[in-house]
């Protein structure tokens, strides 16, 4: 029995190493000089140039216009992540409320339209989406960056499922006490959904932050670059330099994953709950 | 739907209006546009276009690059889904079985979820780099002349490995939750009836885990189809010679970089039909086969 448990731990430790080692190597190498990396390959232990690399990446302006740094890109990613998650929650809580709690003739028709949007991810219709957004004059704007991504109704579905699991008696009781649809939503349903909203907020923030394809298409103006797509830029620059700035590219990769990882680590319980609930 | 509902003539429309507006402008309109353009041929300057019937579709389907991309997508998706699910299931079963340190393992194994596919791809670029990548050196040391820039097989290995790495965490979360939702009474009964751990897993745990497993499979196929775009775009850009371009990546390459709007739209429509088919199968199977 004892020996079996030991192999279990070994398997788990191996799994943990498999997942974490790459990230560790990226971080450790980013604290070395580019010459060291060029001559000796990626590093497995921390070097002495943490501050030099990271302050250069964060604050020194680069790019064609000499006006972008990681702080700006992180700010754009934050706007995208927050705008995406808050926007989705605002729109989907009320849409799901209408679908679940109201009897209206076009209800099921609308439901199916919303449902159909789940079937086709943005990746399938990128070019026409790009054309629509450019016709609306939304290229290079936060609106154009965020709104088309909200079109997929995933959050509406989470909330629809959740509302359906709320006991009938609550609405009955509220109506007997004379609560109208507005009161019921604000005073009863929203407080009941608090954990669900927190969980979806975390998941959607990570999803929004991690968007890649749409920001690439949407933004030609460097002041709208997000950090995840800034990576592509860095990748193009790498080939041009005499001594490739590996340390900076690695540091930017690390910075790009740091905020969503922190969010997931800090709100671990809610985030796991949100993911698992969405399955039902 | 609820038995008890509000009756109101305008309020529900107002509540649902923002969602519908966004869906119409950014989903229905572009999707309709894609269908329309798939039947049109546009001149290279986008000045004029004419109706060409199914020509775009015939061109796409008879194109050998497209057939190759379809084959690669099938193999790629199958392998990514299988490997990441198998590894995650093994880890979930082990994590579920141990008593000490379970929550520590749980945290360490879940947070890779938050890494963007594009960032994972970028890490892959460095780890597999010819001059500085430790994995490249490792493969070469085993006698494998590893060269993802020139060899399609080697390039496929790199994108598959990175895609699998990125997906293990999500699968682990779902499998562990699935395992822990199996009632204690059932587990104990199984423990008494069947001493052999491996057989117990096959005959009791795995069937009970089937609904979760099916759900995870669907998620993984969707992931391998669409979300791996970031991995492929950072690591190989479909190279060498289009050998690692998935169908979704080809839509982007042909339409956005190649400016073949008609052909790219036809590919979009084919993908839409494919995804629709997958969804229908998903519902059929969910309804019929897996019920406990």
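The values are calculated or read from the model by the stated rules, or taken from the named source; none is laboratory data. Given the structure is predicted, the values throughout are model-derived calculations rather than measurements. Note: ideal-geometry Cβ built from the backbone for every residue, glycine included; neighbour counts use all protein chains shown.
Regarding the stretch A:130-142, can at least one residue be identified that is crowded, with 23+ Cβ neighbours inside 10 Å and in a helix (DSSP H, G or I)?
If we filter the stretch A:130-142 for residues that are crowded, with 23+ Cβ neighbours inside 10 Å, which is where we start, we get A:133.
Cutting the leftovers down to in a helix (DSSP H, G or I) gives us A:133.
Checked against the condition, which is being crowded, with 23+ Cβ neighbours inside 10 Å and in a helix (DSSP H, G or I), the stretch A:130-142 yields at least one hit.
Do you know which residues across the stretch A:155-165 are crowded, with 16+ Cβ neighbours inside 10 Å and more than 7 Å from every other protein chain (Cβ to nearest Cβ)? If you could, list the steps in order and put the result at the bottom.
So the first thing to find is which residues in the stretch A:155-165 are crowded, with 16+ Cβ neighbours inside 10 Å, and the list is A:155-163.
Within the stretch A:155-165, A:155, A:157, A:158, A:159, A:160, A:161, A:162, A:163 meet the criteria.
Would the stretch B:271-286 turn up any residue that is surrounded by 16 or more Cβ atoms within 10 Å (Cβ to Cβ), at pLDDT 85 or above and not in a helix (DSSP H, G or I)?
no
Out of curiosity, is residue B:24 within 9 Å of chain A (Cβ to nearest Cβ), in a helix (DSSP H, G or I) and under 26 Å from the mean Cα position of the chain (by Cα)? Spell out how you get there, then give the answer.
Working: within 9 Å of chain A (Cβ to nearest Cβ): yes; in a helix (DSSP H, G or I): yes; under 26 Å from the mean Cα position of the chain (by Cα): yes.
Considered against the rule, which asks whether it is within 9 Å of chain A (Cβ to nearest Cβ), in a helix (DSSP H, G or I) and under 26 Å from the mean Cα position of the chain (by Cα), residue B:24 comes out as yes.
When you check residue B:137 against the structure, is it part of a helix (DSSP H, G or I), surrounded by fewer than 22 Cβ atoms within 10 Å (Cβ to Cβ) and at the interface with another protein chain (Cβ under 9 Å from one of its Cβ atoms), yes or no? Spell out the reasoning first.
Working: part of a helix (DSSP H, G or I): yes; surrounded by fewer than 22 Cβ atoms within 10 Å (Cβ to Cβ): yes; at the interface with another protein chain (Cβ under 9 Å from one of its Cβ atoms): yes.
In short, yes.
I'd like the full set of residues that are surrounded by fewer than 16 Cβ atoms within 10 Å (Cβ to Cβ) and either touching a helix residue (DSSP H, G or I) at 6+ places or on another chain (Cβ under 6 Å) or not in a helix (DSSP H, G or I) (or both), limited to the stretch A:85-118.
Across the stretch A:85-118, the qualifying residues are A:103, A:105, A:106.
Kindly indicate the residue of the stretch A:193-236 that is assigned to a helix (DSSP H, G or I) and out of contact with any helix residue (DSSP H, G or I) (no Cβ under 8 Å at 6 or more places or on another chain) and also modelled with the highest pLDDT among those meeting that condition.
As a first pass, look at the stretch A:193-236 and keep what is assigned to a helix (DSSP H, G or I): A:194-209, A:213-218, A:222-224, A:227-236.
Those left that are additionally out of contact with any helix residue (DSSP H, G or I) (no Cβ under 8 Å at 6 or more places or on another chain): A:194, A:222, A:233, A:236.
Values: A:194: 90, A:222: 83, A:233: 77, A:236: 73.
Across the stretch A:193-236, the extreme among qualifying residues is A:194.
Tell me the helices (runs of 4 or more DSSP H) entirely within the stretch B:33-132 that contain at least 2 residues that are at pLDDT 90 or above and touching a helix residue (DSSP H, G or I) at 6+ places or on another chain (Cβ under 6 Å). Talk me through it step by step, then tell me what you get.
On the way: elements: B:55-62, B:64-97, B:102-110, B:117-127.
Output list reads B:64-97, B:102-110, B:117-127.
Out of B:159, B:170, report the one residue that is within 12 Å of chain A (Cβ to nearest Cβ), touching a residue at least 12 places away in the same chain (Cβ under 8 Å) and touching a helix residue (DSSP H, G or I) at 6+ places or on another chain (Cβ under 6 Å). Working first, answer last.
Details: B:159 fails: within 12 Å of chain A (Cβ to nearest Cβ).
Result: B:170 is the single residue among B:159, B:170 that is within 12 Å of chain A (Cβ to nearest Cβ), touching a residue at least 12 places away in the same chain (Cβ under 8 Å) and touching a helix residue (DSSP H, G or I) at 6+ places or on another chain (Cβ under 6 Å).
May I ask you to list the residues in the stretch A:157-191 that are over 25 Å from the mean Cα position of the chain (by Cα), in a helix (DSSP H, G or I) and within 23 Å of residue A:111 (Cα to Cα)?
Filtering the stretch A:157-191 for residues over 25 Å from the mean Cα position of the chain (by Cα) gives A:164-189.
Those still in the list that are in a helix (DSSP H, G or I) too: A:164-165, A:168-176, A:181-189.
Of everything in the stretch A:157-191, those that are over 25 Å from the mean Cα position of the chain (by Cα), in a helix (DSSP H, G or I) and within 23 Å of residue A:111 (Cα to Cα) turn out to be A:164, A:165, A:168, A:171, A:181, A:182, A:184, A:185, A:186, A:189.
Going by the conditions given, is residue A:134 more than 8 Å from every other protein chain (Cβ to nearest Cβ), touching a residue at least 40 places away in the same chain (Cβ under 8 Å), out of contact with any strand residue (DSSP E or B) (no Cβ under 9 Å at 6 or more places or on another chain) and over 25 Å from residue B:114 (Cβ atoms)? Can you show your working first?
On the way: more than 8 Å from every other protein chain (Cβ to nearest Cβ): yes; touching a residue at least 40 places away in the same chain (Cβ under 8 Å): no; out of contact with any strand residue (DSSP E or B) (no Cβ under 9 Å at 6 or more places or on another chain): yes; over 25 Å from residue B:114 (Cβ atoms): yes.
For residue A:134, the condition - more than 8 Å from every other protein chain (Cβ to nearest Cβ), touching a residue at least 40 places away in the same chain (Cβ under 8 Å), out of contact with any strand residue (DSSP E or B) (no Cβ under 9 Å at 6 or more places or on another chain) and over 25 Å from residue B:114 (Cβ atoms) - is not met.
Could you go through the stretch A:82-102 and let me know if any residue there is away from chain B (no Cβ under 14 Å) and within 30 Å of residue A:182 (Cα to Cα).
Initial filter on the stretch A:82-102 (away from chain B (no Cβ under 14 Å)): A:82.
Still in the list and also within 30 Å of residue A:182 (Cα to Cα): A:82.
Looking for residues that are away from chain B (no Cβ under 14 Å) and within 30 Å of residue A:182 (Cα to Cα), one finds at least one in the stretch A:82-102, hence yes.
Which pairs have Cβ atoms under 7 Å, sit 6 or more apart or on different chains, and link a residue in the stretch B:32-61 that is on the phi > 0 side of the Ramachandran plot to one that is modelled with pLDDT of 80 or more?
Listed by first residue and then by second, the contacts come to B:53/B:39.
State whether one or more residues within the stretch A:213-226 are free of Cβ contacts under 8 Å to residues at least 40 places away in the same chain, within 11 Å of another protein chain (Cβ to nearest Cβ) and either in contact with a strand residue (DSSP E or B) (Cβ under 7 Å, 6 or more places away or on another chain) or more than 21 Å from residue A:264 (Cα to Cα) (or both). Even if it seems obvious, please write down each step before you answer.
Residues of the stretch A:213-226 free of Cβ contacts under 8 Å to residues at least 40 places away in the same chain: A:216.
Right, trim to within 11 Å of another protein chain (Cβ to nearest Cβ) and you get A:216.
Adding the requirement that they be either in contact with a strand residue (DSSP E or B) (Cβ under 7 Å, 6 or more places away or on another chain) or more than 21 Å from residue A:264 (Cα to Cα) (or both) leaves A:216.
Yes: one or more hits.
With the checklist (1) part of a loop (DSSP other than H, G, I, E, B); (2) out of contact with any helix residue (DSSP H, G or I) (no Cβ under 8 Å at 6 or more places or on another chain) in hand, flag the one item residue A:244 doesn't pass.
(2) is the only condition that residue A:244 fails.
Out of the residues in the stretch A:112-127 meeting the condition of being more than 7 Å from chain B (Cβ to nearest Cβ) and more than 16 Å from residue B:33 (Cβ to Cβ), tell me which one is farthest from the chain's Cα centre (by Cα).
First, pick out the residues of the stretch A:112-127 that are more than 7 Å from chain B (Cβ to nearest Cβ): A:112, A:115-116, A:118, A:122.
When the remaining residues are screened for being more than 16 Å from residue B:33 (Cβ to Cβ), the result is A:112, A:115, A:118.
Numbers: A:112: 26, A:115: 22, A:118: 17 Å.
Of everything passing the filter in the stretch A:112-127, A:112 is farthest from the chain's Cα centre (by Cα).
Any idea which of B:127, B:99 is under 28 Å from residue A:33 (Cα atoms) and free of Cβ contacts under 8 Å to residues at least 40 places away in the same chain? Let's see the steps before the verdict.
Details: B:99 fails: under 28 Å from residue A:33 (Cα atoms).
Residue meeting the stated conditions: B:127.
Filter the stretch B:207-248 for residues that are away from chain A (no Cβ under 11 Å) and outside any helix (DSSP H, G or I) and give the result. Working first, answer last.
If we filter the stretch B:207-248 for residues that are away from chain A (no Cβ under 11 Å), which is where we start, we get B:207-210, B:213, B:217, B:220-221, B:224, B:236, B:238-245.
Result: B:209, B:236, B:238, B:239, B:240, B:241, B:242, B:243, B:244, B:245.
Is it fair to say residue A:16 is at the interface with chain B (Cβ under 8 Å from one of its Cβ atoms) and either within 27 Å of the chain's Cα centre (by Cα) or part of a helix (DSSP H, G or I) (or both)? It would help to see each step written out before you state the result.
On the way: at the interface with chain B (Cβ under 8 Å from one of its Cβ atoms): yes; either within 27 Å of the chain's Cα centre (by Cα) or part of a helix (DSSP H, G or I) (or both): yes.
So residue A:16 fits the description; yes.
How about the stretch B:27-44: which of its residues are more than 7 Å from chain A (Cβ to nearest Cβ) and over 20 Å from residue B:56 (Cβ atoms)?
Result: B:28, single match.
Scan B:114, B:81, B:67 and give me the residue that is under 21 Å from the mean Cα position of the chain (by Cα), without any contact (Cβ under 8 Å) to a residue 40 or more places away in the chain and more than 7 Å from every other protein chain (Cβ to nearest Cβ).
Numbers: B:114 fails: more than 7 Å from every other protein chain (Cβ to nearest Cβ); B:81 fails: without any contact (Cβ under 8 Å) to a residue 40 or more places away in the chain.
Unique residue meeting the criteria: B:67.
Identify, please: which residue in the stretch B:183-203 is more than 14 Å from chain A (Cβ to nearest Cβ) and not in a helix (DSSP H, G or I) and is, among those, nearest to residue B:93 (Cα to Cα)? Give the derivation first.
Keep residues of the stretch B:183-203 that are more than 14 Å from chain A (Cβ to nearest Cβ), which gives B:183-190, B:192-194, B:199, B:202-203.
Filter again for not in a helix (DSSP H, G or I), leaving B:183, B:194.
On the way: B:183: 15, B:194: 17 Å.
The extreme case among them is B:183.
Given (1) surrounded by fewer than 22 Cβ atoms within 10 Å (Cβ to Cβ); (2) facing chain B (nearest Cβ under 10 Å); (3) in a loop (DSSP other than H, G, I, E, B), identify the lone condition not met by residue A:262.
Result: residue A:262 fails condition (3) only.
With A:82, A:42 as the choices, which residue is buried (at least 16 other Cβ atoms within 10 Å of the Cβ), assigned to a helix (DSSP H, G or I) and at pLDDT 80 or above? Can you show your working first?
Working: A:42 fails: assigned to a helix (DSSP H, G or I).
Exactly one of A:82, A:42 is buried (at least 16 other Cβ atoms within 10 Å of the Cβ), assigned to a helix (DSSP H, G or I) and at pLDDT 80 or above, namely A:82.
Is it the case, given these coordinates, that residue A:257 is in a helix (DSSP H, G or I) and within 9 Å of chain B (Cβ to nearest Cβ)? Steps first, answer last, please.
On the way: in a helix (DSSP H, G or I): yes; within 9 Å of chain B (Cβ to nearest Cβ): yes.
Against the criterion (in a helix (DSSP H, G or I) and within 9 Å of chain B (Cβ to nearest Cβ)), residue A:257 qualifies.
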